[in-house]
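Remarks on the structure that follows.
The values are calculated or read from the model by the stated rules, or taken from the named source; none is laboratory data. Just so you know, these numbers come straight off a predicted model, no measurement behind them. Here Cβ is always computed from backbone atoms with ideal geometry, including for glycine, and neighbour counts include all displayed protein chains.
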Amino acid sequence: MLLAEHGYQSPVLLGLDWLFHAFGTRASGLPPWPLATAKQVHSAIVLRAAGAGVQGTADGLISDTEGLLLGMKTADCFPVLIADPQHRAVAAVHAGWRGVAGGIVPAALHAMGQAFGSDAPDLHVAVGPGIGPCCFEVGPEVALQFGQEGRVHLDLGQEIARQLAICGVPETQVDTAHLCTFCDPGAFHSYRREGAAAGRMMSVIGIQAGK
């Protein structure tokens, strides 16, 4: 089941009829497209997808290939989907606190620029469900990575939005779900809530062939 089918308003990349994108829930189904994934390790590594299957060790994938889905698994980390309507290119990013601290989102924008000529002011971004500050208390060692001190309730979604703005993506072209995966066990898997038994949601983005 995809996010919109679960009764939630899914973040949308408006006016891009050549695009397919979706954020998953606990019971997601995917369209029958070839799917490119990665071995996710909470890094700032971005790879260009060459086809279906595991592309390598990375937490971001980019592509301008029609009919290929890019997929990232999450269970509290944030899925970030990026589209460039000028060059018909896309990216899927897995953004947990280590990846966000390491700059995975700016790295994806840079990779799109290098590979496709993408320019940040042209990009449209959708940020899916992830653990909210209501449920994400972290210790001083993590807080320090984000310029804070002591134990804090970290707002990763806000930090992702801040980094996008610094990179030059207009705020009006960033759509965020504002849904906490920890708060809703009926809809979302959560590693912090369920531990090693937690499942994963798959979020995807791709370019529709012939559009």
**Prompt:** Taking the stretch 32-47 as the search range and keeping residues that are in a loop (DSSP other than H, G, I, E, B) and not hydroxyl-bearing (S, T, Y), which one is surrounded by the most Cβ atoms within 10 Å (Cβ to Cβ)?
**Reply:** A44
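For the stretch 189-200, check the following and say yes or no: at least one residue is of a type in the set (A, V, I, L, M, F, W, C), touching a residue at least 24 places away in the same chain (Cβ under 8 Å), surrounded by 14 or more Cβ atoms within 10 Å (Cβ to Cβ) and over 16 Å from G130 (Cβ atoms). Can you show your working first?
Within the stretch 189-200, the subset of a type in the set (A, V, I, L, M, F, W, C) is 196-198.
With the extra rule that they be touching a residue at least 24 places away in the same chain (Cβ under 8 Å), the set shrinks to 198.
Next, only the ones that are surrounded by 14 or more Cβ atoms within 10 Å (Cβ to Cβ) stay: 198.
Remaining after also requiring over 16 Å from G130 (Cβ atoms): none.
No, that holds for no residue.
Given the structure, is D175 surrounded by 15 or more Cβ atoms within 10 Å (Cβ to Cβ), at negative phi and at pLDDT below 95?
Numbers: surrounded by 15 or more Cβ atoms within 10 Å (Cβ to Cβ): yes; at negative phi: yes; at pLDDT below 95: yes.
So D175 passes the test.
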**Fill in**
Of the conditions (1) among the acidic types (D, E); (2) within 15 Å of V93 (Cβ to Cβ); (3) modelled with pLDDT of 95 or more, the single one that E141 does not satisfy is (2)
**Matching residues, the stretch 148-171, being farther than 17 Å from A120 by Cβ, touching a Pro at 6+ places or on another chain (Cβ under 7 Å) and surrounded by fewer than 19 Cβ atoms within 10 Å (Cβ to Cβ)** = E149, G150, R151, H153, D155
**Asked** Considering only the stretch 50-90, how many residues are in contact with an Asp or Glu (Cβ under 7 Å, 6 or more places away or on another chain), among the charged types (D, E, K, R) and either assigned to a loop (DSSP other than H, G, I, E, B) or surrounded by fewer than 17 Cβ atoms within 10 Å (Cβ to Cβ) (or both)?
**Response** 1
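Look through D59, D76, D64 and report the one residue that is farther than 21 Å from V41 by Cβ and in contact (Cβ under 8 Å) with a residue 40 or more places away in the chain. If you could, list the steps in order and put the result at the bottom.
Values: D59 fails: farther than 21 Å from V41 by Cβ; D76 fails: farther than 21 Å from V41 by Cβ.
Of the residues listed, the single one that is farther than 21 Å from V41 by Cβ and in contact (Cβ under 8 Å) with a residue 40 or more places away in the chain is D64.
Is the stretch 6-19 home to any residue that is part of a strand (DSSP E or B) and at pLDDT below 95? I'd like the intermediate steps shown before the answer.
Taking the stretch 6-19 first, the residues part of a strand (DSSP E or B) are 19.
Adding the requirement that they be at pLDDT below 95 leaves 19.
Checked the stretch 6-19: at least one residue is part of a strand (DSSP E or B) and at pLDDT below 95.
Tally up the residues in the stretch 113-144 that are assigned to a helix (DSSP H, G or I), touching a residue at least 24 places away in the same chain (Cβ under 8 Å) and loosely packed, with under 15 Cβ neighbours inside 10 Å, please.
Of the residues in the stretch 113-144, the ones assigned to a helix (DSSP H, G or I) are 113-116, 120-122, 140-144.
If we keep only those that are touching a residue at least 24 places away in the same chain (Cβ under 8 Å) too, we end up with 115-116, 120-122, 142.
Those still in the list that are loosely packed, with under 15 Cβ neighbours inside 10 Å too: 121.
Residues flagged as assigned to a helix (DSSP H, G or I), touching a residue at least 24 places away in the same chain (Cβ under 8 Å) and loosely packed, with under 15 Cβ neighbours inside 10 Å within the stretch 113-144 amount to 1.
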